[in-house]
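The values are calculated or read from the model by the stated rules, or taken from the named source; none is laboratory data. Every value quoted in this text rests on a predicted model; they were computed, and no experiment measured them. As a convention, Cβ positions derive from the backbone with ideal geometry for all residues, glycine included, and neighbour counts pool all protein chains shown. For accessibility, only protein heavy atoms count, side chains too; no ligands or nucleic acids. Shrake-Rupley method; radii C 1.70, N 1.55, O 1.52, S 1.80 Å.
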Amino acid sequence: MYGKYVIKIATIKDIARIAKVSSAAVSRVLNNDTTFSVPEETRQRIMETAGKLNYRRNERKQKTEPNDMKQLKFGLLIWCSEQMEYSDPFYLSIRQGIEKECIKYGINISRVFRFMDESNTNIDAHQLDGLFLIGKVDIDIINKSTRTPNIVSIDYVLSDEFDSVMFDLPKATRQALDHLLQLGHRKIGYMGGISYIRTSEGKVFNTDARQKEFEVMMKELNLFNPNYVFVGDWRAEVGYELMKQALEAEDVPTAFVIGSDPMAIAALKAVSESDYKVPDDIAIVSIDDIHLASFVTPPITSIKVYMEEMGETAVKLMVDRLRGRGLPLHVTIPTKLMVRKSCGANTADA
């Protein structure tokens, strides 16, 4: 007789559907998450629905999958187009790190948003339980787009309310500059792009942290020359144009700190087309250490940024937050100097 009946065990998803709230809200209420702000009426509705369905927590499962990750909806917001992402592997590598780590935790990225131009900053992420943000986006856009408290920003501190993952841009610049100074260079130039933040009104431009740190450090050493600073867009072809411009000047620096590897690779091509040589006449140290940097001629000395690890760390922060951590964390990933032949240092690295 009993074999005819199947006992259906109520799930968080069932409660969420009947109570008309998100699965994340149900999970946090049932787990007595004191950091979760929810109207008392909503909390009571969730508890009553759970009681009617005779919901019982599976404590054993709770230890391994505390928030039913597979039932939650996550989004990914990237501040650049696919074309820009593939032309500069920095954000691409971060995204790949996020995707790899999401697979480990059974997290499903159900929506991907991109800001293709200045006029398109409207996104609808209100149904999402969590959001990963790659790039510099103003918090007002996020507040209008979603109500979830589960947000992790990468390469930008959104606010003290949300988790973030960064690498130390000023420190990376100091590592590059210190290396050139130790090699005896004093006429050191900087080449890079202008930083900006996406706002609902468009792009707000400001001086990039790499350029700021370079200028501060060189001024402290009484070595700063404004004629040695070359800035444009963060595009590889701009690196080529800026280096051409630098080589045409009467006074050419003996070394350059270049803000990104794609710009450095293009700048290297410009030097190869001139009467100058790298590293004999001009030493180059860049920032990123993308895979291609070690395969050009000469291989580029670069400050390694652990981009995939930044993405992986963002997912771990998201999971930790969903497990009940209330205090927002700002994590800084270290960088490392990778010495190759473009700087002129003695190295066996080909």
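Build a GNM of the chain with springs between Cα atoms under 10 Å: which of Ile18, Ile194, Ile303 gets the top mean-square fluctuation? Evaluated over the chain, the most mobile residue of the options is Ile18. Atom-type composition of the exposed protein surface of segment 247-347 places 50 percent of the accessible area on carbon and sulfur (1.4 angstrom probe).
In straight-distance terms, cross-link reach from Lys73 covers every one of the lysines whose alpha-carbon lies under 19 Å from its own, apart from those fewer than eight places away in the same chain; here that gives Lys13, Lys20, Lys100, Lys104, Lys144, Lys316. Spin-label pair Asp275-Lys70: with each label point 7 Å from Cα along the Cα-Cβ axis, the two points sit 6.9 nm from one another.
If I stretch the segment between Lys104 and Ala249 completely, what's the gain in nm (0.36 nm per residue apart, minus their alpha carbon distance), one decimal? Intermediate results must be reported in sequence, preceding the final value.
Working: separation 145, 0.36 × 145 = 52.20 nm, distance 5.30 nm.
Length gained, Lys104 through Ala249: 46.9 nm.
Within the same chain, lysines fewer than 8 places from Lys269 are excluded, and of the rest, those with a Cα less than 24 Å from its Cα are Lys187, Lys244, Lys277, Lys304, Lys341.
Bridge orientation summary for segment 103-248: considering DSSP beta bridges with both residues in this region, about 30 percent are antiparallel. Give the calculated FRET efficiency between Asn206 and Asn31 to the nearest 0.05, with a Förster radius of 41 Å applied to their Cβ-Cβ distance. Efficiency for this residue pair is about 0.50. In the context of the full set of protein chains, the chain has a per residue accessible area of 51 Å² (1.4 Å probe).
How high is the relative contact order of segment 186-336, in percent, counting Cα pairs under 8 Å that sit 6 or more residues apart?
On the way: 209 pairs, mean separation 29.6, N = 151.
The normalised contact order for segment 186-336 reaches 20 percent.
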